[in-house]
């Protein structure tokens, strides 16, 4: 038994004062409930939020019938977020009815929402009120920019952190641009409270940025100092190069360069300054790599200066290249001669073009040209010899009159020059054509190669190959083009036997006369063959396979064998099958009618072999049996619906008649004749007009190939399933107000009797309000009036009839009272929604907290009785929050409850029950899901059954599953504390819910076992060390014993020596 000795009078007085205050509050509350007093009290704090260690001032006003009350007693209790009492005081009102008190929050005060409850008593009456405030942590916010100077188009990194760390909150960055305008961006903090964002400034100049955040439920906001940074233009540069630093006058110089970085669309100016100071400017575009180039020919000799530059743009600085010098010198004159021999030739003949350069220029290039009309065309480029002369043999292909000339471009020392033009005449030439045929003797189907050559040896000339036999007119068999060297070639496949003649010709063209080859004879012979045929088996049934096979002799592979089958009805079927490598063939056939068949095989021969025909064979085919199926779909259907019947005859029979007979439950038969489709199937449908089991029988009579067959099945016609709805209007009626009950039976049932029932004892007994018929649309309506307040339950039903099943509507549970509270709410989206409620509680008020997205109802009633509150939630409110009724959280005094819900045309009636006292009913419109994973000391999932308790806007608990996971749904936004119990409390954590979240809680479960294992290991190590020390001790003890023995023997020996010496000395003295 625990004994506590209290000696402090102040402590005893504080406890006594607290008890008296609590007793006074309880008595005053009871009196207020019973007497419905006119006394009222208000309470408020001087601020909405405080830091730890700050002073909290609480004040209020006590009124009676609207006038201030002096001398009223006011009891105050302040509770922390977990419900613990942190401050208690008792005050009296002054002459103005006011009271005030204050207290200082401790330096370690709990963060969260505190509740201030006050009870005022005066003249035997009492009144209560409450207020709340939050305790938050102070924060600081840093901001830095890297780099502090950047070029336009580049990015800067803005980073910082909130201290202490706050994760998942919005930090706003406010930028002041060089022109004084403001722009903002937002980012979110990470798990450690830091943030980093990359920003690309779009203006050159000096910038500044400030970071800020507005705080949250547990933290005050903060603003960082301003940080400056500078944005400059991108630097650029130009490089320039010349392909030579000295050229002869008249030559061109190649100027190239690169602008860096590449600026799309930039134009570079290259200035050429002549020896006399004249400047020539060229404006050049850059390519995709920033490069530019120009070819410039100086017009005077001397030293030129070349430089490139560009003016820059809005984002790039200007640039100039280095100055380059170019020396231009004059050249010496030269001459060149040209002659042609002969001056007249035939097409494809040879003409020699020659000449020389003076002064002698050895091994330089000379260009030879001919003139056609006004156009000069290059013939060839040749080099001079050591004596400056040149020579070239040309073979012109086209007829006509030409002029020939030669020129050279000059070199570093001499100017180029051009010769005098020389005439040349080209006449039309002659040609010859040869033919060769190999072999001259061949068999049918063999190959004969026809080839030859055209002279002059011109490629791509069409040569026509002609053939005839037996003196018939010549016929063209092919036209082929000559290849390199004028050669042509063609392979002819021998079609038949006989003596064939071949020749080739070409008609010539504008430059050459045509010609014809000699005639060559070729002799062709053919080979004879035989073909046989076998049938296996010779007797079978319709639908079974029969195989036809045989061989061509001698073997001929890859040729078509024709198989002709004469059916019993006289019709003929022909099939083609290619022979195998051994000349054999095989074909599988499926007879489709009964009777005697005849088959014969043949082939038509080919270029090498003559065709042949086999003898005729017969085989007999008998009828086969058939089957017929039937399947009704669905197997059970409501009265008035349609059942489809599908079936098939196998083997497939096309366009045959099928008899379908339906047998109704009454015995009436309905027969129909159907015809099968291309895949042997048939289908039908019938509308069900009788309730019960139906039968269906299908059959066919058979045909020439297959015997008939029949089959049957059944299906069930059931009563129609109906639904009945019920709605009331108004959604929350008052006592004495007309209530309209309405609904509909679907599908429509006319003149059905609908019973509207009411229960006032929680559904134990039901009374019929009215029995009314439905109209032509299946609808019903009835007006009724409740004369007393209370909790009502309504439903409607109908019993059904011969064709339809009955049904019962939803149960609508609603409180009918003298007054319905309504609250008009304007949401942040701008939508205005009306929320209403009614209750059987003695007092009730209702409101909508827009900031916390919840409906709040305060209800008070006599203790021990059952209280009911109905709240009407319109669809428009759910749509405004983009949510559904199943996602809402319903709480009574912070504890989740499950209400009864009824759906109406424009919303839901939600009814919550409770035991009367003072209650706060909350309906949260926005909720989130929290997934908690609980781990043991070693990081493994805690075994199933750990209890996780949640404290916050909702207080609840749940148990983990076998994977250590527990899921809490429908949690409103706010700060939560979670505690884990596995027997005792083993772990805890906190979280701020602003979205669906996950949380891992590490516990101390298994810590003792781990420490025990460590201690056991340490004990084992110590025990081993002890054994080692013991062994060493025993060794030392043994050594000590040996030393002591040795010492003893030595000592005795020494004493004997001393004694002996003493005796000797003694004797010597005597």
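Restricting the calculation to Cα atoms, the stretch 796-885 shows an Rg/Rh of 1.13 when the hydrodynamic-style radius is the Kirkwood one. The long axis of helix 9-35 is offset from the longest Cα principal axis of the chain by roughly 80 degrees. For the stretch 375-411 versus the stretch 209-258, the spacing of their alpha-carbon centroids is 57 Å.
Taking all Cα-Cα distances within the stretch 979-1064, those exceeding 22 Å account for 68%.
When the scattering of the stretch 322-395 is computed by the Debye formula from its Cα atoms alone, each counted once and equally, what is log10 I(q)/I(0) at q = 0.14, 0.26 Å⁻¹? Once normalised to I(0) and log-transformed, intensities are -0.58, -1.23. Mean projected area of the convex hull spanned by the Cα atoms of the stretch 42-146, taken over all viewing directions: 8.6 nm². In the stretch 372-444, the inverse of the mean reciprocal separation of distinct Cα atoms equals 17.0 Å; this is its Kirkwood hydrodynamic radius.
Averaged over residues, the count of other Cβ atoms within 10 Å places the peptides 1051-1058, 355-362, 928-935, 311-318 in the sequence 928-935, 355-362, 311-318, 1051-1058, highest first. In the stretch 478-600, the C-alpha radius of gyration followed by the widest Cα-Cα span (Dmax) gives 25.1, 78 angstrom. Across all Cα pairs in the stretch 563-722, the calculated P(r) in 10 Å bins from zero up to the longest distance comes to 9, 27, 20, 15, 12, 9, 5, 2, 0 percent per bin. In the stretch 627-716, the alpha-carbon atoms span a convex hull of 77 Å³ per residue.
If every alpha-carbon in the stretch 671-784 counts as one equal scatterer, what log10 I(q)/I(0) does Debye give at q = 0.21 1/Å? Debye output, listed in q order: -1.20. Taken over the alpha carbons of the stretch 204-316 as equal point scatterers, the Debye sum produces base-10 log I(q)/I(0) values at 0.09 Å⁻¹ of -0.44.
Across every direction, the projection of the convex hull enclosing the Cα atoms of the stretch 723-815 has a mean area of 5.6 nm². With the gyration tensor restricted to C-alpha atoms of the stretch 964-1029, the semi-axes of the equivalent ellipsoid amount to 43, 10, 9 Å, longest first. Shape call for the stretch 944-984 from the C-alpha gyration tensor, a ≥ b ≥ c root eigenvalues: rounded (a/c under 1.5), prolate (a/b greater than b/c) or oblate? Note, shape of the stretch 944-984 comes out oblate. If you take every DSSP beta bridge fully contained in the chain, what fraction is antiparallel? Give it as a percent rounded to 5. Around 90 percent antiparallel, to the nearest 5. Our note on the geometry: Cα centres of the stretch 939-978 and the stretch 783-821, 39 Å apart. Principal axis extents of the Cα atoms in the stretch 530-622, from largest to smallest and rounded to whole angstrom, are 42, 22, 17. Paramagnetic label reach from residue 142 (point 7 Å along Cα→Cβ; backbone nitrogen cut-off under 13 Å): within the stretch 151-177, residues 159-165. Each part gets one Cα centre, and for the stretch 418-477 versus the stretch 138-162 those centres are 86 Å apart.
For the stretch 927-1005, the Kirkwood hydrodynamic radius comes to 12.2 Å, computed from all pairs of different C-alpha atoms.
Protection proxy ranking, highest mean first, for peptides 482-493, 595-606: 595-606, 482-493, where packing is the per-residue count of other beta-carbon atoms within 10 Å, averaged.
Its alpha carbons give the chain an Rg and a Dmax of 57.6, 181 Å. Cα convex hull, the stretch 432-522: 84 Å³ per residue, rounded to a whole number. The fewest-to-most ranking of 893, 1021, 936 by surrounding Cβ atoms within 10 Å reads 1021, 893, 936. Remark: the stretch 140-232 projects, on average over all directions, an area of 5.3 nm² (convex hull of Cα atoms).
Laboratory data are not the source of any read-out in this text; all were calculated from the coordinates shown. Here the structure is a predicted model, which means the values were calculated and not measured. Quick reminder, even Gly has a Cβ in these numbers, built from the backbone with ideal geometry, and neighbours come from all protein chains shown.
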